[in-house]
Structure formats: structure tokens, C-alpha cells
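Colleague: Here it is, the structure in full.
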Amino acid sequence: MTRELYTPRPLQAEIEAGLARFSVLVCHRRFGKTVLSVNRLIRAARETRRPDWRGAYIAPLYKQAKTVVWDELKRYCGLGLDGCTVKFHETELRADFDNGARIRLFGAENPDSLRGMYLDGAVFDEVAQMPHRVWTEVIRPALADRMGWAMFIGTPRGKNALYRLWRDAQRDPDWFAAMYRASQTRIIEAGELAAAAREMSPEEYEQEFECSFTAAIRGAYFGALVGEAEKTGRIIAVPCDPALPVHTAWDLGMSDSTAIWFFQARPGNTFAVIDYVEASGEGLDHYARVLDERRYAYGTHIAPHDIRVRELGTGKSRLEIARSLGIRFDIAPNIPVQDGINAVRAMLPLCWFDAVRCAPGLEALRHYRRAFNERMNDFSSRPVHDWTSHAVDAFRYLAVGFRQPGGGPRPPRAVNEYDPFGRTHERS
């Protein structure tokens, strides 16, 4: 591979002069943000006086890190500048510098796999495609005792983790925040931008080139419905009604995440979704404690059909293990994913969500989307499996598996909209 010397463009140099310990860069496509951030890691690794300096480059998926970043890392850090040589480990996507520093690439699809390490510097690439907790629960603590730095780069995909970090960085004088739109930078020629604007939808162009956080998410199943819930005031503070049971709907994972929605069936054939929990790498005993700690009066617990599968290690199914812990599950019907998605679409207009406790789950519902096939220029019939999947799968089981007390089917639509504070609104 050809080795290259990094020479920053004027705007890249401007960014480097302004970087703080924590920095958020919202940049249009082809700005050069990946090259900028890779070279910040390389420079820090070369210049450190720590014999055990550690840097991480985190992409939404491990496969993305390998495809997009690995060649860039080898291209720029293999020059042997200042007598420093680098050894590359292909199987671990790791670069070892002869001064003891290391840079390693990771994927954020399994956040808890990143736990347990320390870091001196971290780059988050395409933050809009990651759950926010990768930063707050995993990487931020890993930087604490080393006073490490973090850099967040990406292009918007709605109001998600990148938007939250961007908004917070603008309010915090100790953070650096910058946005670079294609119409301002002139990195891409005007004629090429005009051609792109003709070939893309207005929402796509605004998102990819003008860094719009409000443009629609391409291929989103529920984005408009979640937006409607927000606009009509159904995402607010929703207290638990102590007179009603709290039901739960689960997506059960072992090596990946388990997600649980907590909800109540309320008057007017509506639903108050009062809480949400997601974690990974934990056994059912952990979630039994989670239920106990919340002290809700529980009704129905809904699980996916594969909870009956027996585990090789114990010979027991998770259904049996749950019963031994005092959790008795109803099993959601095993229906096609698309039918489950349609059930969620029918149910979302009936739901009120607690804005704080359900925020991570709502973020997933908003961003759950179909894959786009560039070759066929069309959307796939299947959803993308990423960080949004666990929350949405759990909500699918809620939509297809819950039955009102008495055994009757869940009503397909509401006559009235129920307000948790006692007001009732007639549908128009």
C-alpha cells in the first residue's frame, strides 16, 4: 500500500486549531472527516510519552471499521516518521507503534464488548448510527483516569446520538462544536452539488450535504409516527397508575442486547408506555432484579417464541429459567416480521410515552429502517439489523402478543385518545 503524508486542508487545519478535549464535528459527505480523525489518533500515538498509550476508532459496525478506516490507518501511519515504525495486526485491526502506543478499530454493534479497557483517545465515526450509551456508559468511563480525549464525527440522520452530542457541545464551553455544510465549504464543486440535488430527494440532499438534523430518515418505518406522537404531545411525563398492572414485552438476547418495554393498558383503548430497559451480556437473573427494583405491580410478561429453545450448556430453556425466577411469560405468536411491523404501525397512534424513561427506546423506534440497495436503487423488504433492532423487536412482541384482560383481542384502533392526566380528546 502507498504511504501518504497527511497535509490538512485549510478547514481541517482550522478544526485542529480549535479542538478541545471533547469535540463534535458535523460535516457534509466528502469533507475529509475520517482522514482528519485518523491522523489525530496517529499524531497522538506518535507524540505520547506514555509507554502504554491506547487509542480507539469506533464505527457503528466492526465491518464498517474494517472497510472504511483500516486502509486509511495503514496509509497514514506506516511512514516511519521520526524513527517510529508500526506493526499492523490484520485479525485484530490493530496498529502497534514501537514506542508502545496502540490504535485499534472497533464496532459499536455490541457496546458491552468495549467494556473493561482504558483509553487515552477515542474517535466515534458516524455517531448518528450508534446508541448514545456507547459514549456515556462505556467509553466515557474508560477515559476518566487517563484524562483521555474523544472526538465525535458524522453526518446527521435525524435527532439521535449525534444531535444530542452536538446540542450539548454547543452549550458547554469546555467542548468544541463545529458544523460544515457543503454550500459553505466549497470542497465539492457547485456543478456537482447541483447534479446531486437533482438526483437525490430534497430530504436526502439536506441531510447528506447540508447537515440537516430535521430531514426525514431514509427508509424509516416509524419515524413519521414517532414524530406525530411528539407533535401531538404524547411524548411527555407519563406516571405509572398504581391502580393498574404494569405489563412488559421483551426481546431476549444473550451475547447481544435484551430490551424490555413497560406499559399499562389505559381507558379509551390506549397504552401508557412508562419505562424502557436495555442491556447486554446479562442473564435472566439480572432482569429479574430489574423488575424487582422498579416495584411495579406486574401483569403480563410477553416473550418471543424462541424463549422455548433449550440451551446447550444447561439443557433448560430460558422459559424454564424465567419460571424459576418467578417470571411467567406469555409467548408472542411467531408471525412474519413485516406483519409485526404493521402491528407496530397500528399500535403507535394509541400510545403515550414517558419522554425520559423511554428515550432510548423511542430513539430506536424513530431510526429503525429498511436497507437501501444501491445497485437496485430501491429499498430492501427487510429491516436493517443494528442497534435499533432489539427495542423494536420487543415492541413488535408487545403489539402482536398483548391481549386485554378477559382474553379478547387488542382493539385495532382507539375511539378516544386517553390523556394520562385525566383529559380525553375525541378523534377528528
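Every read-out reported here was derived from the displayed coordinates using simple, explicitly stated rules and does not represent laboratory data. Predicted model, so just to flag it, every value in this text is computed and none were measured. With ideal geometry, Cβ positions are generated from the backbone for all residues, glycine too; neighbour counts draw on all protein chains shown.
Colleague: For helix 284-294, what angle does its Cα long axis make with the longest principal axis of the chain, in degrees from 0 to 90 and rounded to 10?
Modeller: Result, in degrees: 70.
Colleague: Same structure again: Using only the Cα atoms of segment 204-272, construct the convex hull and provide its projected area averaged over every direction, in square nanometres to one decimal.
Modeller: Quarter of the Cα hull surface area: 7.5 nm².
Colleague: Grab the DSSP H runs of the chain that are 4 residues or longer, score each as -39,500 (n - 2.57), total them, divide by all residues and round the 222 nm result to the nearest 500 deg cm²/dmol.
Modeller: Rounded to the nearest 500, it is -9000 deg cm²/dmol.
Colleague: Give the total of Lys-Lys pairs in the chain with Cα-Cα distances below 30 Å; include a pair only if its members are 8 or more places apart or on different chains.
Modeller: The number of close lysine pairs in the chain is 13.
Colleague: Shape of segment 257-347 from its Cα gyration tensor (a ≥ b ≥ c, root eigenvalues): rounded if a/c is under 1.5, otherwise prolate when a/b > b/c, or oblate?
Modeller: Oblate shape, in that a/c is at least 1.5 and b/c is the bigger or equal ratio.
Colleague: Please work out whether segment 1-113 counts as rounded, prolate or oblate from its C-alpha gyration tensor, where a ≥ b ≥ c are the square roots of the eigenvalues and a/c under 1.5 means rounded, while otherwise a/b larger than b/c means prolate and anything else oblate?
Modeller: Judged from the Cα gyration tensor, segment 1-113 comes out rounded (a/c under 1.5).
Colleague: Kindly provide the trypsin sites (Lys or Arg not before Pro) of segment 322-365 that DSSP labels as loop, not H, G, I, E or B, and whose Cβ sees at most 16 other Cβ atoms within 10 Å.
Modeller: Arg328
Colleague: Given segment 10-210 reduced to its alpha-carbon atoms as identical point scatterers, what log10 I(q)/I(0) does the Debye formula return at q = 0.12, 0.16, 0.18 Å⁻¹?
Modeller: -0.61, -1.07, -1.31
Colleague: If the viscosity is 0.692 mPa s and the temperature 37 °C, what Stokes-Einstein diffusion coefficient in µm²/s follows for segment 92-205 when Rh is the Kirkwood radius over Cα pairs?
Modeller: For the chosen part, D equals 198 µm²/s.
Colleague: Return the loop-located GluC sites (Glu not before Pro) in segment 132-202 (DSSP other than H, G, I, E, B) with at most 16 other Cβ atoms within 10 Å of their own Cβ; answer none if there are none.
Modeller: Sparse-neighbourhood loop GluC sites (Glu not before Pro): Glu189.
Colleague: For the chain, what is the convex hull volume of the alpha-carbon atoms per residue, in Å³?
Modeller: Cα-based convex hull of the chain, divided per residue, equals 180 Å³.
Colleague: OK, next. Can you pull out the GluC sites (Glu not before Pro) in segment 205-285 whose DSSP state is coil and whose Cβ has at most 15 other Cβ atoms within 10 Å?
Modeller: Passing both the DSSP loop test and the Cβ count: Glu282.
Colleague: Highest GNM mean-square fluctuation, the chain, Cα pairs closer than 10 Å: which of Val24, Val356, Val226?
Modeller: Val356
Colleague: Remind me, what semi-axes does segment 194-340 give for its equivalent ellipsoid, largest first in whole Å, using sqrt of 5 times each Cα gyration tensor eigenvalue?
Modeller: Value: 36, 22, 14 Å, ordered largest first.
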